[in-house]
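Shown next, in structure tokens, is the structure this report addresses.
No value in this document is a laboratory result; all are computed from the given coordinates. All of these numbers come straight from a predicted model, not from anything done at the bench. With ideal geometry, Cβ positions are generated from the backbone for all residues, glycine too; neighbour counts draw on all protein chains shown.
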Amino acid sequence: EAGVAQSPRYKIIEKRQSVAFWCNPISGHATLYWYQQILGQGPKLLIQFQNNGVVDDSQLPKDRFSAERLKGVDSTLKIQPAKLEDSAVYLCASSLNRAAGGYNEQFFGPGTRLTVL
Amino acid sequence: GNSVTQMEGPVTLSEEAFLTINCTYTATGYPSLFWYVQYPGEGLQLLLKATKADDKGSNKGFEATYRKETTSFHLEKGSVQVSDSAVYFCALYSGGGADGLTFGKGTHLIIQP
């Protein structure tokens, strides 16, 4: 079974530029997550989708970050304009479905490492 | 809010040494607890989990016991190998409106031959 795919693996941009990351979850997984992992810290949830709807985006900096999952399968995370502090690894994860009284294992992709100069 | 605190790294051990990585948490209700591992160049992988108090999660020789009274979930292994070198993250899931995991900062483990 193919895992969570992400691209690109690495991206270097200058501040104030725009960037987009792509994620393709495991086939059949209804729930998709984007996490931000700053160097030396654990991943922090940015946004969670259930199919093509947003479940939680309370920690997404909406003035510059946006995400979509239009057809309920793959997803794009965009930053516009980027700041130096956005340098991080952006992780995508997916799970079968939203937890209903329990936990559905989240499977993580390899991440996209963003460097903002 | 929820939080996870784990011991700072790097932790450097010799092969076959005993490993403990401490993890404590703060959460409302009764969270599920996890250890994830990140090998160099790879994504996060679930190592083990425990969903209720006194549960013991185990996998690949690693163990952790959910201790509600001390709000801890320490990771242990009796004899580490060079291949165990990785970054280990303690995490919790508390349910509710969102299903995101709350992670600790990670502990970099280096095993020397």
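If you take the beta carbon distance between B:Ala17 and B:Gln45 as r and set R0 to 25 Å, what does 1/(1 + (r/R0)^6) give as a FRET efficiency, to the nearest 0.05? Spell out each step's value before the answer.
Details: r = 23 Å, r/R0 = 0.90.
After rounding to 0.05, the efficiency reads 0.65.
How much length is gained on full extension from A:Ile38 to A:Gln59, taking 0.36 nm per residue of separation minus their Cα-Cα distance?
On the way: separation 21, 0.36 × 21 = 7.56 nm, distance 1.42 nm.
That works out to 6.1 nm of additional length.
Along region B:48-62, what does the Karplus equation 6.51 cos²θ - 1.76 cosθ + 1.60 (θ = phi - 60°) give for ³J(HN,Hα), rounded to whole Hz, x for Gly and Pro?
Result, ordered by residue: 6, 8, 8, 9, 8, 4, 6, 5, 10, x, 8, 5, 6, x, 8 Hz.
Pop out the ³J(HN,Hα) list for region B:35-42 in order, Karplus 6.51 cos²θ - 1.76 cosθ + 1.60 with θ = phi - 60°, rounded to Hz; leave Gly and Pro as x.
So the Karplus estimates, Gly and Pro as x, are 10, 10, 10, 10, 7, x, x, 10 Hz.
Could you tell me which of rounded, prolate or oblate describes chain A, using a ≥ b ≥ c as the square roots of the eigenvalues of the alpha-carbon gyration tensor, with rounded for a/c under 1.5 and, failing that, prolate when a/b is larger than b/c and oblate otherwise? Kindly include the intermediate steps, with their values, before the conclusion.
Working: a/c = 1.79, a/b = 1.68, b/c = 1.07.
Prolate shape, in that a/c is at least 1.5 and a/b is the bigger ratio.
Just to be sure I follow the rule: in chain B, considering lysines 8 or more places apart or on different chains, how many pairs have Cα atoms under 22 Å apart?
Total qualifying Lys-Lys pairs in chain B comes to 13.
Ratio of chain B's C-alpha Rg to 2.2 N^0.38 Å, to two decimals? All intermediate terms of the calculation are to be shown ahead of the outcome.
Values: Rg = 13.6 Å, N = 113, 2.2 N^0.38 = 13.3 Å.
So chain B has a normalised radius of gyration of 1.02.
Rg/Rh for region A:51-117: what does it come to with C-alpha atoms and Rh from Kirkwood? Kindly include the intermediate steps, with their values, before the conclusion.
Numbers: Rg = 13.6 Å, Rh = 13.7 Å.
That ratio equals 0.99.
Rounded to the nearest 0.05, what FRET efficiency is calculated for B:Ser79 and A:Leu96 with R0 set to 35 Å and r the Cβ-Cβ distance?
Computed FRET efficiency for B:Ser79 and A:Leu96: 0.50.
Report the gain in length on full extension from B:Lys52 to B:Thr71: 0.36 nm times residue separation, minus Cα-Cα distance, nm rounded to one decimal. Show your work: numbers first, answer last.
On the way: separation 19, 0.36 × 19 = 6.84 nm, distance 1.15 nm.
That pair, B:Lys52 and B:Thr71, stretches by 5.7 nm at full extension.
Check the straight Cα-Cα distances from A:Lys15 and name the lysines below 21 Å, setting aside those fewer than 8 residues away within the same chain.
A:Lys62, A:Lys78, A:Lys83
Looking at region B:37-113, which GluC sites (Glu not before Pro) are in a loop (DSSP not H, G, I, E or B) and have at most 11 other Cβ atoms within 10 Å? Can you show the working numbers first?
Working: sites: B:Glu42, B:Glu63, B:Glu69, B:Glu76; in loops: B:Glu42, B:Glu69.
Sites meeting the loop and neighbour criteria: B:Glu69.
Can you pull the semi-axes for the protein assembly as shown, root of five times each eigenvalue of the Cα gyration tensor, sorted largest first, whole Å? Could the numbers behind the result be given before it?
Values: eigenvalues 172, 89, 49 Å².
Calculated on Cα positions only, the semi-axes equal 29, 21, 16 Å.
What FRET efficiency, computed as 1/(1 + (r/R0)^6) with R0 = 41 Å and r the Cβ-Cβ distance, is obtained for A:Lys78 and A:Glu105, rounded to the nearest 0.05? Please list the in-between numbers first.
Working: r = 27 Å, r/R0 = 0.67.
Calculated value: 0.90.
If one computes P(r) from the Cα atoms of region B:1-56, what percent of pairs lie at distances over 18 Å? Please report the intermediate quantities before stating the final value.
Details: 752 of 1540 pairs.
In whole percent, the share of Cα-Cα pairs in region B:1-56 beyond 18 Å is 49.
Does region B:72-113 come out rounded, prolate or oblate, given a ≥ b ≥ c as the square roots of the eigenvalues of its C-alpha gyration tensor, rounded meaning a/c under 1.5 and, failing that, prolate meaning a/b above b/c?
Working: a/c = 3.89, a/b = 2.61, b/c = 1.49.
Because a/c hits 1.5 or more and a/b exceeds b/c, region B:72-113 counts as prolate.
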